[in-house]
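The values are calculated or read from the model by the stated rules, or taken from the named source; none is laboratory data. None of these values were measured; they are calculated from a predicted model. Please note: Cβ atoms are built from the backbone with ideal geometry, for glycine as well, and neighbour counts cover all protein chains shown. Quick note on the areas: whole protein, heavy atoms, side chains included, nothing else; ligands and nucleic acids left out. Shrake-Rupley method; radii C 1.70, N 1.55, O 1.52, S 1.80 Å.
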Amino acid sequence: MDKHSHGQRNQGYPLKAKALTRLCYIFVFFMLPFYIHANPDISSHDELFSQDNSVYSVQTGSNLNTWVDQNGQSNRAFVSQQGSVSSFVVEQQGLSNQIYSSQTGAQIEAHILQSGIGNLVISSQTGTGLMLDVSQIGYGNQAYIAQTGHENSILIQQYGTGHTVSVAQWGSSQTAVVTQGQASD
């Protein structure tokens, strides 16, 4: 082995992680607004509607909360929050399971539970004191997460089948814990 092959092999993974992270940001910041249509005159209110088991929520202000519970079929949730002391919970059970979220502010939490079949989370958080908790149980799995700021944390649990995780954190005092494998009974 020549002296350059070891360094070149190790450089490939960070480049792939950077590419996935950039793709996540591109989707969340440029594509997500096309899916979410909010009335610009609404502040601190949910704008929710459902179509083929899809939910769209856009919130701006403080002390915001969104709770989404989807059972069966195509399961898509698009959540956007800008403000402080806010949270959302999305529970998806059965079939396609997709969550796209963007949160900006301070003291914000996101809790995501996906059970069965497609599973996918693409999420971006920017701010201070942020927390993202993702549990994916069964089949496709995948999570693409980006966090920017200070004192933020990510907890990802993936059980059963596909497993993929790409986590990127920028800033200081960041924590990420990822668990993959079969769920124990």
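Computed values, structure above
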| item | result |
| --- | --- |
| Whichever residue in the stretch 139-173 is over 16 Å from the mean Cα position of the chain (by Cα) and among the polar types (S, T, N, Q) and, among such residues, is surrounded by the most Cβ atoms within 10 Å (Cβ to Cβ) | Thr161 |
| Residue that is surrounded by the most Cβ atoms within 10 Å (Cβ to Cβ), among those in the stretch 61-78 that are hydroxyl-bearing (Ser, Thr, Tyr) and assigned to a strand (DSSP E or B) | Thr66 |
| Positions within the stretch 101-120 being aliphatic (A, V, I, L, M) and either closer than 15 Å to Asp69 by Cα or modelled with pLDDT under 90 (or both), in sequence order | Ala110, Ile112, Leu113, Ile117, Leu120 |
| Extreme residue, farthest from Gln147 (Cα to Cα), among residues of the stretch 79-110 that are open to solvent by 10 Å² or more (accessible area, probe 1.4 Å) and in contact with an Asp or Glu (Cβ under 9 Å, 6 or more places away or on another chain) | Gln93 |
| Residue in the stretch 90-98 that is modelled with pLDDT of 90 or more and more than 10 Å from the chain's Cα centre (by Cα) present | no |
| Filter result for the condition that a residue is in a strand (DSSP E or B), under 24 Å from Ser57 (Cα atoms) and at pLDDT 90 or above, over Thr179, Thr126 | Thr126 |
| Failed condition for Leu130, given (1) hydrophobic (A, V, I, L, M, F, W, C); (2) open to solvent by 10 Å² or more (accessible area, probe 1.4 Å); (3) more than 20 Å from Ser74 (Cα to Cα) | (2) |
| Residue count for the stretch 48-72, restricted to those that are within 18 Å of Gln82 (Cβ to Cβ), modelled with pLDDT of 80 or more and either polar (S, T, N, Q) or over 18 Å from the mean Cα position of the chain (by Cα) (or both) | 8 |
